[in-house]
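Below: the structure, in structure tokens.
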Amino acid sequence: MTFGAPWMLAGLVLALVPLWFHLRRRELKRIPFPAVAILADVVGRRRASRKAERIALLLIRMLAIAAVVLAAARPGLKVSRLGGLRTGLPLALVVVLDDSMSMRMKTQDGRTVFDRAAELARVEIGRLRPGDAAGLVLTGRPVRAPLGEVEFNRDWVGRLLAGTRVGDRSGDTTGALEVASRMLDDCPLPQREIVLISDLAKSGWSRGAVPWRKGAQIALRIVDAAPDAPRDNAAVDRIDVRPAPDSGPRDVTIEARVANHSPSPLRAAEVILEVDGEESARGSLDVPARSSATKRFHHRFETDGMHRGVVRIRPDRLAEDDARSFSAMIRRSITALVIDGDYRPGSYRDEAFYLVQALATPVPGEVPITPLVVDTETAATAPLAGNDVVFLAGVNDLKGDLAGRLSEYVKAGGGLFVSAGKATQNLTPLDPILPARVRSVREARGPKAAFRIAAVNRGHPVFQPFGDGATGLEGARVYSHLLVEPDPSADLSTLIELGGGVPLLMERKAGAGAVMFLCTTVDRDSTDLPIRPGFLPLVQRAARHLAGRLDDPQGPRRFAVGDTVPLEVTEGMRRLLVQGPDGQDRTFPANELLGRSRIPFAGTLTPGNYRVWAEIPGFGGLKELLGAEFAVETDPAESDLARLDSLPGQEARPVALAMAEGVLPTWPFLLLAVALLLLAETFLAGRGLRRSHVKNIR
């Protein structure tokens, strides 16, 4: 029992006042009078019978005074309930409704769990009384509160609830409870309660303990909308598309991971691959209980360009995760022409031996690089057109008009990588496109005095994937390198520096192309760089960067359902159109694109591939932007329908026993008791008087 004003308990002493009146003795002045003597005789005969009535009157009056004093203190009774118990005070109720993908699970009667949850939510709103307030919070990411605060118009909340539909979002129950508690923090009503209606899947509670402000007078009630629904489920939760090793540039490996969220193994599960709208292959897969397995398909595309497909398994109670879309950008391999200044086929002492090995090494998820090695004699007549990038490895003599052809090749958009040879190079013919002019050669005094790499430009695209981590070039030793004088008029950037700020690798933009200049060798004559772990990614990413194919994706960007996707806007763009997998278009007109470099697209509610078109001056109308295409995927965590056993951070408190705690005011009942006591006092007092009169008359 709680009291609003404990000091008012002192008023209970007033209950002793009737006792004082009943017990006090009054001195009576005796005056002999015959009629009074007759009455005294009557009173004496009735005194014994009225003693019990007097005691009852005394108790009634004392209880009535005590009840009035206690009611003035507005006491309350702490109660715990499973839900549904209401007191007389106004209530602010926030319904937290789970609309994540797991709520699309089918129950035994063929309905979805969300259908049942919506009915329970309507019952909660319907039990409210005039003066109560209601709010609605949806758990699907991002968490949404349609009204932003509790609303006294319950019909409005009911209409919002009726328009709510389950989607493919991932769940954020913890975040939804945070939003609901903030809504009630600002509510002035004396009773505040949150009712969570959910399937209680574990995935929605991934952020830790229940977010509850210490001391918050908010009741939490949890309703399981799927107490009897089977929780077994299988899903295609990931697809990866990679170039097939030791195959052609149009051959890919498609890996589909199938997850089994059931306590029993999945035997011979059929997996179907569809490419460009037609079935391409099918196979079977065994998946252990509570585990996953990968099905691999080898597919050869007949044409370059963007290809789209889907991998399916047999539908179950949650059909939305039984298929997953993918797309693959198929392009020819990157062709690298390597002009070898010291051509020794098959020998590790060949100038380009380590370079060619690094270029030809397959990298998972990347378009392969095909190196073609020629000597300087062949390079004098070999065509440069058709090559994505050209390497000059230790070439000291540019024969014929090779220097002029290389300059034209770069300015037309080609990429050139130049590395020094052991002897002093005569690269003067390439000065118009090189980042720097060669001044001299610097030699280390000995192996122990080798020059060390001091700085790497991590902001350059070649090194961006490393972030703040190791590049694999740490500890590399340089015994000999060219000292160069950078061209101050050129568009330069330095990728690697030795101690003292001496450039080792530089890049220059020339026309539509670019040139990189490595001031040491790519063999082991002047450095141990080729045997460092960072040499392969350095050479590969440099080749892709110069070819304009850096990070060339096999598929589009991936986003989760409900994410906002930034779309690139170019100057002068007249229209931008996004088409979803459901065929619905969203068009951004010129006035929305004006003056912006990016525009957000938030209509990612349907899983699948989203294609992008743009109308750009000079491109002849609406043109599809294959590089801007993106994929929207469901959260694999939503496929695990396992039920939460206890509230996070409150493991000792099972969900099934979670109670709503509150205070039940008892003062209205005390006032009712006062009224009843006064009626009883009136009846007893009047009864004694009436009986006395009746007997006297007789």
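Just so you know, all these numbers are worked out from the coordinates, no wet-lab data involved. This structure is a prediction, so every number in the text was calculated from the model and none was measured. No Cβ is skipped: glycine too gets one built from the backbone with ideal geometry, and neighbour counts run over all protein chains shown.
Label-point separation (nm) for residue 335 and residue 185, each offset 7 Å from Cα along Cα-to-Cβ?
The two pseudo-label positions are separated by 6.5 nm.
Write out the chymotrypsin sites (Phe, Trp or Tyr not before Pro) in the range 569-647 meeting two conditions: DSSP loop, and at most 15 other Cβ atoms within 10 Å of their Cβ.
Taking the range 569-647 and a limit of 15 other Cβ atoms within 10 Å, the loop chymotrypsin sites (Phe, Trp or Tyr not before Pro) found are 619.
Please state the shape class of the range 142-211: rounded when a/c is under 1.5, otherwise prolate if a/b exceeds b/c and oblate if not, all from the C-alpha gyration tensor.
Verdict is oblate for the range 142-211.
Report the extension gain between residue 437 and residue 401 in nm, rounded to one decimal, defined as 0.36 nm multiplied by the number of residues separating them, less their alpha carbon distance.
11.0 nm
Could you list which residues have their amide H under 5 Å from that of residue 238, counting only those 5 or more apart in sequence or on another chain, with H placed in the peptide plane?
Result for residue 238 returns 257.
How large is ³J(HN,Hα), in whole Hz, for each residue of the range 631-636 in order, when computed from phi with the Karplus curve 6.51 cos²θ - 1.76 cosθ + 1.60 and θ = phi - 60°, using x for Gly and Pro?
Residue by residue, the range 631-636 yields 10, 10, 10, 6, 7, x Hz.
Once you wrap a convex hull around the alpha carbon atoms of the range 169-289, what is its projected area averaged over all directions, in nm²?
The orientation-averaged projected area of the Cα hull of the range 169-289 comes to 12.7 nm².
What ³J(HN,Hα) values, in whole Hz, does the Karplus curve 6.51 cos²θ - 1.76 cosθ + 1.60 give for the range 433-446 when θ = phi - 60°, with x put for Gly and Pro?
Karplus values, whole Hz, x for Gly and Pro: 10, 6, x, 7, 9, 7, 9, 6, 10, 10, 10, 6, 6, x.
Between residue 684 and residue 411, how many nm apart are label points set 7 Å from Cα along the C-beta direction?
Once both label points are built, they end up 11.9 nm from each other.
Pulled fully out, how much extra length does the chain show between residue 512 and residue 449, if you take 0.36 nm times their separation in residues and subtract their Cα-Cα distance?
18.6 nm
Put a dot 7 Å past each Cα toward the Cβ at residue 468 and residue 381; how far apart are the dots in nm?
Each label point lies 7 Å from its Cα, and together they span 5.7 nm.
Identify, among 305, 329, 291, the residue whose Cα sits farthest towards the positive end of the charge dipole of the range 234-330, taking +1 on the Cβ of Lys and Arg and -1 on the Cβ of Asp and Glu, with the dipole about the Cα centre.
Of the options given, the answer is 291.
Mind running the shape call on the range 334-546? Use the C-alpha gyration tensor, a ≥ b ≥ c as the square roots of the eigenvalues: rounded below 1.5 for a/c, prolate if a/b tops b/c, oblate otherwise.
It is rounded, given that a/c, with a ≥ b ≥ c, falls under 1.5.
Tell me which residues come under 5 Å, amide H to amide H, from residue 560 once H is placed; ignore anything under 5 positions away on its chain.
Residues meeting the amide H criterion: 633.
Estimate the FRET efficiency between residue 303 and residue 574 by the formula 1/(1 + (r/R0)^6), using the beta-carbon distance for r and 25 Å for R0, to the nearest 0.05.
0.25
For the range 234-330, just list the percent of Cα-Cα distances falling in each 10 Å bin from zero outward, please.
16, 49, 26, 9, 0
Would you please give the residues with an amide H less than 5 Å from that of residue 370, counting only those at least 5 places away or on a separate chain, with H modeled from the backbone geometry?
Hits under the 5 Å cutoff: 334, 335, 336.
Can you put 313, 197 in order, fewest other beta carbons within 10 Å first?
Least to most surrounded, the residues fall as 313, 197.
Can you figure out the FRET efficiency of residue 278 with residue 319, using R₀ = 35 Å and their beta-carbon distance, to the nearest 0.05?
0.95
Contour minus end-to-end for residue 524 and residue 59, with contour as 0.36 nm per residue of separation and end-to-end as the Cα-Cα distance?
The span from residue 524 to residue 59 would gain 156.4 nm if fully extended.
On a 26 Å Cα-Cα criterion, which of the cross-link pairs 509/623; 399/422; 448/509 come out too long?
509/623; 448/509
Counting other Cβ atoms within 10 Å of each Cβ, which chymotrypsin sites (Phe, Trp or Tyr not before Pro) in the range 103-183 have at most 16 and sit in a DSSP loop?
Here the chymotrypsin sites (Phe, Trp or Tyr not before Pro) that fit, given the DSSP loop and packing criteria, are 152.
Can you put 274, 507, 629 in order of Cβ neighbours within 10 angstrom, beginning with the fewest?
Listing 274, 507, 629 from fewest to most nearby Cβ atoms yields 274, 629, 507.
Could you work out the relative contact order of the range 545-648? I mean the mean sequence separation of Cα pairs under 8 Å and 6+ apart, divided by the number of residues, in percent.
31
For the range 539-592, rounded, prolate or oblate, judged on the Cα gyration tensor with a ≥ b ≥ c (square roots of eigenvalues), a/c < 1.5 rounded, else prolate if a/b > b/c?
It is oblate, given that a/c is not under 1.5 and a/b is not larger than b/c.
Taking R0 as 41 Å, what's the FRET efficiency between residue 587 and residue 374 from their Cβ-Cβ distance, rounded to 0.05?
Once rounded, the FRET efficiency stands at 0.20.
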